[in-house]
Amino acid sequence: MQTTSTAQQGTFSPGSSETEDRARATAASKLRNAKILFVLAAGVSFLLSVYLWFLVDREQGLFVGIWVPSILALGALLVSGKGEQG
């Protein structure tokens, strides 16, 4: 059984793991921010729909209320696609 480490292959660089960790942390932070943005947008849409339903017009409230699952579905689609690219 042959085992070779990256140091024996000549591709080892001392700062690579630190750089990779920093890149992963940045990617995770961006993904977390994207999730927060979509949940926040859905929440604002929900609150707007409740406001419209009770204070303006029920049909407008219903129309805006339909946006909530659409926003969440779009967010799930886009966020899940980011994991496959990286």
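Summary of computed values
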{"read-out": "Residue tally, condition among the acidic types (Asp, Glu) and either closer than 17 Å to Ile36 by Cβ or outside any helix (DSSP H, G or I) (or both), over region 46-78", "value": "1"}
{"read-out": "Hits in region 67-77 - residues which are surrounded by 12 or more Cβ atoms within 10 Å (Cβ to Cβ) and not small (Gly, Ala, Ser)", "value": "Trp67, Val68, Ile71, Leu72, Leu74"}
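Computed from the coordinates by the stated procedures, all read-outs in this text should not be read as laboratory data. Given the structure is predicted, the values throughout are model-derived calculations rather than measurements. Cβ atoms come from the backbone with ideal geometry, glycine included; neighbour counts cover every protein chain shown.
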